[in-house]
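Input: a single structure, listed below in structure tokens.
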Amino acid sequence: MARHIIARTSDIPPGGRKIVKIEGREVGVFNLDGTFYALKNVCPHQGARVCLGKVSGTTLPSPVHEFQYGLNGRILRCPWHGWEYDITNGRSIFDPEVRVVTYPVSVEDDQIVVSIP
Ligand code: FES
């Protein structure tokens, strides 16, 4: 597994993201409250650069006539057709079998390291 230093932790503040190119592919690195996640910048639906999408929350399963909003700051919405993905695992909200490719991330000496298999 190849390891790549992509930034210092201070380069991506909480709620921020950075899109980098690693071994010919684009990877979006997100900071969610101090924890970093890396997703391949390809939507499994039709291939949009999903990491350019809006980060927000989503409506959660709830009783009829009730709307519960949650997971704020953890949902990535694809800019093309609005499919929503959980940044922490790449899984789609509507079908967890549909997912964006994710990569392991570690922090070493204040540097963010993304590992590519
Ligand atoms: S390409 Fe991402 S939702 Fe369609």
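Every read-out reported here was derived from the displayed coordinates using simple, explicitly stated rules and does not represent laboratory data. Everything numeric in this text was worked out from a predicted model, so none of it was measured. In this analysis, Cβ positions are derived from the backbone assuming ideal geometry, glycine residues included, and neighbour counts consider all displayed protein chains.
A compact table of results
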| quantity | calculated |
| --- | --- |
| Net charge contributed by nearby residues that have their C-beta within less than 14 Å of Ile116 (K/R +1, D/E -1) | +2 |
| Listed peptides 48-59, 106-117 by packing density, highest first (mean Cβ within 10 Å) | 48-59, 106-117 |
| Area projected by the alpha carbon convex hull of the chain, averaged over all directions, nm² | 7.5 |
| Neighbour-count order for Val64, Val101, fewest beta carbons within 10 angstrom listed first | Val64, Val101 |
| Percentage relative contact order, region 26-69, counting C-alpha pairs under 8 Å, at least six apart | 23 |
| Total charge dipole magnitude, region 2-116, about the Cα centre, Cβ charges on Lys, Arg, Asp, Glu only, Debye to nearest 20 | 340 |
| Mean separation of Cα contacts under 8 Å (6+ apart) over length of region 2-116, as relative contact order % | 27 |
| Neighbourhood net charge (14 Å Cβ-Cβ; Lys/Arg +1, Asp/Glu -1) for Pro104 | +1 |
| Residue-count net charge about Arg8 - beta-carbon cut-off 13 Å; Lys, Arg +1, Asp, Glu -1 | -3 |
| Loop-resident sites, region 12-117, for chymotrypsin sites (Phe, Trp or Tyr not before Pro), counting at most 16 other Cβ within 10 Å (DSSP) | Phe67, Trp80, Phe94 |
